[in-house]
Amino acid sequence: MADENASELSPRLARIKFRAWHRGTREADYMIGCFFDRFHHTWSEADLDLFEKIIDEEDVDIMAWALGTQTIPEEYRGPMLERMMKLDYVEIPR
C-alpha cells in the first residue's frame, strides 16, 4: 500500500481506501487499491463519487473492464477507466 496512512485521510477517503484494498481477492486488491493510492489525491469530488460507484460493482467486472475483456458500461466510460486500463500503477510486493 502507499505511504499515506488511512489515519491521515478524511473519513470518506479512509472508507474508500479500505474498500479499495479489501475486495476479496489479492488481484483485485492490488488493481483497485493501487489505483486508489496512486491517483485519489488528484480526483475531484465528482471523480470520488464515480470511483465509489465503480467499487460498488463486482470485482470480476471491474477487472474485466480494466483488462479490456468486457465492455465498459456507458456510465463508467471516460478518463478514470481509461487510466485504470493502463495498469502501470499496480505495485506487487516481492
I need the calculated FRET efficiency for the pair residue 22 and residue 46, taking r as the beta carbon distance and R₀ as 22 Å, to the nearest 0.05. 0.35
So, over other residues within a Cβ distance under 9 Å of residue 31, counting Lys, Arg +1 and Asp, Glu -1, the net charge is -2
Grab the alpha carbons of the chain, take their convex hull, and tell me the volume per residue in Å³. 98
Could you size up the charge dipole of the chain around its Cα centre, putting +1 on the beta carbon of Lys and Arg and -1 on that of Asp and Glu, and report it in debye to the nearest 20? 220
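Each reported figure results from applying straightforward, stated rules to the coordinates on display, with no laboratory input. What you see is a predicted model, and the numbers here were worked out from it, not measured in a lab. In this analysis, Cβ positions are derived from the backbone assuming ideal geometry, glycine residues included, and neighbour counts consider all displayed protein chains.
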